[in-house]
1. Name the single residue that is surrounded by the fewest Cβ atoms within 10 Å (Cβ to Cβ) among those in the stretch 18-30 being closer than 16 Å to residue 59 by Cβ and touching a helix residue (DSSP H, G or I) at 6+ places or on another chain (Cβ under 8 Å).
2. How many residues does the stretch 1-17 contain that are closer than 13 Å to residue 41 by Cβ, touching a residue at least 12 places away in the same chain (Cβ under 8 Å) and either surrounded by 12 or more Cβ atoms within 10 Å (Cβ to Cβ) or under 11 Å from the mean Cα position of the chain (by Cα) (or both)?
3. Mind checking which residues of the stretch 37-52 are over 10 Å from the mean Cα position of the chain (by Cα) and exposed (fewer than 13 other Cβ atoms within 10 Å of the Cβ)?
4. I'd like the full set of residues that are in contact (Cβ under 8 Å) with a residue 12 or more places away in the chain, in a loop (DSSP other than H, G, I, E, B) and farther than 18 Å from residue 1 by Cβ, limited to the stretch 18-67.
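Bear in mind these aren't lab numbers, they're just calculated from the coordinates by the rules spelled out. Remember, predicted model here, so these are calculated numbers, not experimental data. Note that we place each Cβ from the backbone using ideal geometry, even for glycine, and neighbour counts take in every protein chain shown.
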């Protein structure tokens, strides 16, 4: 989780520039197959998580992106 949140902090400006809102990015993360490079890279971190932890990670991503 630490690496995932670190990635989001590092790429925050690029993510917010590429997406209409933090919610849009998080919805893309939750989709079956993200199509762009940022979401695909972020989603790779989520593969190792259980479904519950993945949901928590996406919610945490939203919190990082809105702060």
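1. Only one residue fits best here, namely 23.
2. Qualifying residue count, the stretch 1-17: 5.
3. Selection gives 37, 47, 48, 50, 51, 52.
4. Hit for the stretch 18-67 is 36, nothing else.
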